[in-house]
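Undergrad: Have a look at this one before I ask anything.
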Amino acid sequence: MTSLKPILLSECRKMGLGVKRPEDVVVGRDGSVWLSDQTSACARVRADGRLERCGQAGGAPNGINMDLEGRLVIANFGGPEDGFGPLQRLDPRTGEVTVLCGEIAGRRLFGSNYPLLDSTGRIWCSHSTWGSVEAAFNGQADGFIYRYERDGRVTVMAEGFSFANGIAFDAEEKNLFVCQTATCDVVRLPLLADDTLGAATRYGPQLGLSHRDVQDRRPLTPALRNQLGATDGCGFDQEGNLWVTLVMANKIIAITPAGEVVTLLSDPDGRVLRNPTNISWGGADLRDLYIGSVTSDYVVYARSPVPGMPLVHQR
């Protein structure tokens, strides 16, 4: 039986005011809250609510995570702005930003999207498209997943995604889940015994109308916008529900282990929850919920009905 209950919009508050393009949030084991920040690289939210900016990443810092040494890993979606979207690492003690992977097979990365660490410290990262973004939303399925080893080797693990976006492992790291923004769904890929990924299968249903479904219905009303299914970020809670942000619908849903879809938070008018991109959990009970955005100058904070699954750096 699930403990999932909707979160009231009135229970949400804004935090990190003044941050630029806070696409993601990561919470350290010590409780430190970091936001991706286009003005710098990442910004820490101090106890008094003010921002402490760190580093200079360039481009568009997108998904962020933390490695086993407490450094911040940044997937930079720089392509539309400067044509370069590498995987980077920020040392919060010095502010130094290092490029971990800037090209694959001699081809300069365009749009790294979200980094995820496994229990051995390897970094898995989605790369949404080689460009253009518009082509990806109109059928160009060139997204892929690559893996950065601790010794610096890089391997493309899976290809052919329709704008690969947020990714998540289940608790046992037996399956990798990938949000396909353009096709409004999530797919699951098993991690096989030979350390490769198996074939992708859809996990749960298509989650709403696609970009192409509404081209002849613009401008969109809030009610129609709320039916859009473009998936962005995802993450598991401790009951095995996969939370998914629907970036264009201003909505967060969860896919239960039984495959049911539960709406957890919805803001059709975008009064508080505006273009949500990623969800992250923190706090001593892992029920502090943080929601990133590509268009707000703040992130949304609320209390989660279910604790989040701890990420590698939180265990």
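Laboratory data are not the source of any read-out in this text; all were calculated from the coordinates shown. Here the structure is a predicted model, which means the values were calculated and not measured. Note that we place each Cβ from the backbone using ideal geometry, even for glycine, and neighbour counts take in every protein chain shown.
Undergrad: R0 = 30 Å: FRET efficiency of Asp30 with Ser10, Cβ-based, nearest 0.05?
TA: Working: r = 30 Å, r/R0 = 1.00.
FRET efficiency, Asp30 to Ser10: 0.50.
Undergrad: Loop-only GluC sites (Glu not before Pro) in the stretch 23-76, please: DSSP not H, G, I, E or B, and at most 16 other Cβ atoms within 10 Å. Mind dumping the intermediate values first?
TA: On the way: sites: Glu23, Glu52, Glu69; in loops: Glu23, Glu69.
For GluC sites (Glu not before Pro) across the stretch 23-76 that sit outside H, G, I, E and B with at most 16 neighbouring Cβ atoms in 10 Å, the list reads Glu69.
Undergrad: Per-residue ellipticity at 222 nm for the chain, helices alone: DSSP H runs ≥ 4 residues times -39500 (n - 2.57), over residue total, nearest 500 deg cm²/dmol? Numbers along the way, then the final one.
TA: Working: 3 runs with 12 residues, N = 315.
Helices in the chain give a 222 nm mean residue ellipticity of -500 deg cm²/dmol.
Undergrad: Need the C-alpha centroid separation for the stretch 242-304 versus the stretch 25-69, integer Å.
TA: 18
Undergrad: Sticking with the crude label model, points 7 Å out along Cα→Cβ, report the distance from Asn138 to Arg153 in nm, one decimal please.
TA: 4.0
Undergrad: Run the numbers for Asp269 and Glu69: contour at 0.36 nm per residue of separation, minus the present Cα-Cα distance, in nm.
TA: 67.9 nm
Undergrad: Turning to a different aspect of this structure: With label points built 7 Å along Cα→Cβ from the Cα atoms of Glu239 and Gln314, find their separation and express it in nm.
TA: Inter-label distance under the simple model: 1.7 nm.
Undergrad: Also: Could you tell me the calculated FRET efficiency between Ala171 and Ala105, based on Cβ-Cβ distance and R0 = 41 angstrom, to the nearest 0.05?
TA: The calculated FRET efficiency here is 0.80.
Undergrad: Below 8 Å between Cα atoms, with a sequence gap of 6+, how large is the relative contact order for the chain in percent?
TA: Numbers: 916 pairs, mean separation 53.1, N = 315.
Here the relative contact order equals 17 percent.
Undergrad: First measure r as the distance between the Cβ atoms of Thr256 and Gln56, then evaluate 1/(1 + (r/R0)^6) with R0 = 51 Å and state the FRET efficiency to the nearest 0.05. Please report the intermediate quantities before stating the final value.
TA: On the way: r = 42 Å, r/R0 = 0.82.
With a Förster radius of 51 Å, E is 0.75.
Undergrad: Please give the per residue volume of the convex hull enclosing the alpha carbon atoms of the chain, rounded to a whole number of Å³. If you can, show how the numbers build up before the last one.
TA: Working: hull volume 39.5 nm³, N = 315.
Value for the chain: 126 Å³ per residue.
Undergrad: Just to confirm my numbers, what's the Cα centroid distance between the stretch 140-164 and the stretch 167-206 in Å?
TA: The stretch 140-164 and the stretch 167-206 have Cα centres spaced 13 Å from each other.
Undergrad: For the stretch 172-192, list residues with backbone N below 19 Å from a point placed 7 Å from the Cα of Leu224 toward its Cβ?
TA: From the stretch 172-192, the list is 184.
Undergrad: Work out how much length Asp213 to Thr201 would gain on full extension: take 0.36 nm times their residue separation and subtract the Cα-Cα distance, in nm to one decimal.
TA: Values: separation 12, 0.36 × 12 = 4.32 nm, distance 2.23 nm.
The Asp213-Thr201 span can extend by a further 2.1 nm.
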